[in-house]
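The values are calculated or read from the model by the stated rules, or taken from the named source; none is laboratory data. What you see is a predicted model, and the numbers here were worked out from it, not measured in a lab. As a convention, Cβ positions derive from the backbone with ideal geometry for all residues, glycine included, and neighbour counts pool all protein chains shown. Surface areas here come from the heavy atoms of the whole protein model, side chains and all, with no ligands, DNA or RNA. Shrake-Rupley method; radii C 1.70, N 1.55, O 1.52, S 1.80 Å.
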Amino acid sequence: MTDTTLALDRGGFIAALGVFVDQARAAGDHLGLLLIDLSNLRLINHRHGYEIGDHLLLEAGQQLLAISKLPDTVFRIGGHSFAFILPQLDTPAFIALALNRVQRLLDETLQIDDEILPLQLRIGLAVNLQGKHSPMVTLARAESSLTRVKQGSALEIDALIGEEEHAQEGTALEQHFSEALYDNAFDLYFQPKVDLQTGRVCSAEALIRWHLPGYGAVSPERVVQLAEAAGQTYELTRWVVNRALRAMREWRDTVVLPLAVNIPAGLVNSPDLANMLHGALTIWGVEPSMLTVEVTEGAVIEDKEAGFDNLLHLRELGMGLSIDDFGTGYSSLSYFKHIPATEIKIDQSFVRRILDDPQDRALVGIIIEIAHLFGFSVVAEGVEDAESLQCLRELGCDIAQGYLFSRPLPEQELLTWLRQYDGAFHD
Ligand code: C2E
Ligand code: MG
Ligand code: MG
């Protein structure tokens, strides 16, 4: 027999993968990686002897070499596993063809006879579009795909390619995000909060908006994710805070309207947060009490490890602190005593069900009661109809925010809306 035995060569495989990834990046074509595992080889060795096991391994290697048309694309990378690199693909769909071919040929040739345990073939794969992923990332993705297959999931190749294309879009968006931040291309909208005792507008929440030409509106949640991915949550928040304070400063002669800004969870623990907020307030000459920081309940719980130090600091500086999306974060009621908040915002999901679900209504009532016990004011967000508003008033809710009053508005529209809503803001 000619020596087509594949020796174990993980180093050679990694080197070759590196070369092909570089080539794909240079040529702008795609690369696939199959990890082929003869899962029950050990059992076959054990039951039928190593001779049979070695024969199967040898056969598998030869078949793969026969299928591959290019040198340096098939490697044995473990006791019973092979790697098959599929370089120079014009379209990622070719991976599905290659996968089928490998599967069929190995299945056909490796079943020896009825006496011998059927060989179990498990194949994981990764798609690397235009060589964007490093060799190690490509390998890690193929390994995790193989693990999923071993755990019984079907290999969903279309989904994998789709995910990959989606990730590519993410990479492109990430790039646009950084440019947008640099170019000042975001907008800040404002949504009024209404005091339920007086009917007056008592503040507004600043919400980021990003319209990317050629793409459309990118959701604020996505913007925050992109900032996280780019390691720029601090920069994004600084932009939002400064933009909001600038607006407040500009309105000063017309409207005195406190504002709330959202702080991403990842920044809550950062010692830089208080300095940044304090610095911005000083620069714009705005009283700290005019600014409320909204932090999600989940992020607040994370800060408890540090004894709410960071949040306490914001309070000491005189800012308001609002616990956003309250009711979704599973915080223990005992934290209530320690959370340095001024306001609780009941999550929209409760508000939405308040009319239909007596349990949700009861929950909202209890949250309001406890919050009042600890001196927090309560905001209901996502109020869309007059009945819900009435119900919230009866439950003792202090403030409401929602489409019933207004959607988030650009700065000038907000000023117009305020004038029309309540003459007291316009003399
Ligand atoms: P959030 O802070 O809980 O903001 C409330 C969200 O509910 C806003 O969505 C608002 O437009 C929406 N909303 C208000 N009233 C109603 C209503 O009556 N019905 C319905 N269906 N929705 C209503 P938006 O602006 O899409 O923001 C979503 C989330 O993105 C925010 O949730 C906040 O967590 C985050 N976000 C928005 N702007 C910023 C920002 O500048 N910085 C950070 N870190 N996060 C932001
Ligand atoms: Mg908010
Ligand atoms: Mg919320």
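Taking 1.306 mPa s as the viscosity and 10 °C as the temperature, the Stokes-Einstein diffusion coefficient of segment 47-137 based on its alpha-carbon Kirkwood radius rounds to 109 µm²/s. Each residue of segment 46-52 was assigned a 3J(HN,Hα) from its phi angle through the Karplus expression (A = 6.51, B = -1.76, C = 1.60, θ = phi - 60°), giving 5, 7, 10, x, 5, 4, 5 Hz with x at Gly and Pro. Each peptide among 144-150, 109-115 gets the average number of other Cβ atoms lying within 10 Å of its residues, and from highest to lowest they stand as 144-150, 109-115. In the chain, the DSSP-assigned H stretches of four residues or longer account for a calculated mean residue ellipticity at 222 nm of -15500 deg cm²/dmol, using -39500 (n - 2.57) per stretch and the full residue count as denominator. Spin-label model, Ser178/Thr147: points 7 Å from Cα along the beta carbon direction are separated by 2.9 nm. Sorting the segments 214-225, 77-88 by their residues' average number of neighbouring beta-carbon atoms within 10 angstrom, most packed first, yields 77-88, 214-225.
Bridgeable lysines around Lys193 (alpha carbons under 19 Å apart, same-chain partners fewer than 8 residues away excluded): Lys345. Full extension of the chain segment joining Leu97 with Leu65 gains 9.9 nm, where the gain is 0.36 nm per residue of separation less the Cα-Cα distance. For Leu196, the residues 5 or more places off, or on other chains, whose built amide H falls under 5 Å of its own are Ile399, Ala400.
Computed about the Cα centre, the dipole magnitude for segment 57-153 is approximately 540 debye when only Lys and Arg (+1) and Asp and Glu (-1) carry charge, each at its Cβ. Have a look at the DSSP beta bridges in the chain and tell me what percent are antiparallel, nearest 5. Looking only at bridges with both residues in the chain, the antiparallel portion is about 60 percent. When each pair of different Cα atoms in segment 217-283 is counted once in the 1/r mean, what is the Kirkwood radius in angstroms, to one decimal? Computed over segment 217-283, the radius equals 13.0 Å. Using only Cα atoms, what Kirkwood radius does segment 164-261 have, in angstroms? Hydrodynamic radius (Kirkwood, Cα only) of segment 164-261 equals 14.9 Å. Based on alpha-carbon atoms, the Kirkwood radius and the radius of gyration of segment 185-420 give Rg/Rh equal to 0.95. Phi-derived couplings, Karplus 6.51 cos²θ - 1.76 cosθ + 1.60 at θ = phi - 60°, listed residue by residue for segment 99-115: 4, 4, 5, 4, 4, 5, 5, 5, 4, 5, 8, 9, 8, 7, 7, 5, 6 Hz, with x used for Gly and Pro.
Here the gap between His166 and Asp72, fully extended at 0.36 nm per residue and compared with their Cα-Cα distance, gives a gain of 30.8 nm. Surface composition of the chain: carbon and sulfur atoms hold 51% of the protein heavy-atom accessible area at a 1.4 Å probe. For segment 1-106, give the share of DSSP beta bridges that are antiparallel, in percent and rounded to the nearest 5; count only bridges with both residues there. Expressed as a percentage, antiparallel bridges in segment 1-106 total about 90. Among the chymotrypsin sites (Phe, Trp or Tyr not before Pro) found in segment 314-409, those both in a DSSP coil and sparsely packed, with 15 or fewer other Cβ atoms within 10 Å of their Cβ, are Tyr330, Phe374, Tyr403. Both numbers refer to the Cα atoms of the chain; Rg and Dmax are 29.9, 98 Å.
Scanning residues 5 or more positions from Leu207 or on other chains, those with amide H under 5 Å from its amide H are Tyr189, Phe190, Gln191, with H placed 1.01 Å from N in the peptide plane. Using R0 = 60 Å, the C-beta based FRET efficiency linking Gln412 and Tyr50 works out to 0.15.
In the context of the full set of protein chains, residues of segment 304-427 present 51 Å² of accessible surface per residue (probe radius 1.4 Å, heavy atoms only). Looking at segment 185-420, the DSSP beta bridges with both ends there are about 40 percent antiparallel. Here the Karplus curve 6.51 cos²θ - 1.76 cosθ + 1.60, taken at θ = phi - 60°, turns the phi angles of segment 386-391 into couplings of 5, 5, 4, 4, 4, 4 Hz, with x standing for Gly and Pro.
Sorted into 10 angstrom bins from 0, the C-alpha pair distances of segment 10-166 split as 11, 42, 34, 11, 2, 0 percent. Among the trypsin sites (Lys or Arg not before Pro) in segment 40-122, those placed in a DSSP loop whose Cβ has at most 16 other Cβ atoms within 10 Å are Lys69. For the chain, the Cβ-based charge dipole about the Cα centre amounts to some 380 debye (Lys, Arg positive; Asp, Glu negative; other atoms uncharged).
Its convex hull of Cα atoms gives segment 133-179 a direction-averaged projected area, equal to a quarter of the hull surface, of 3.7 nm².
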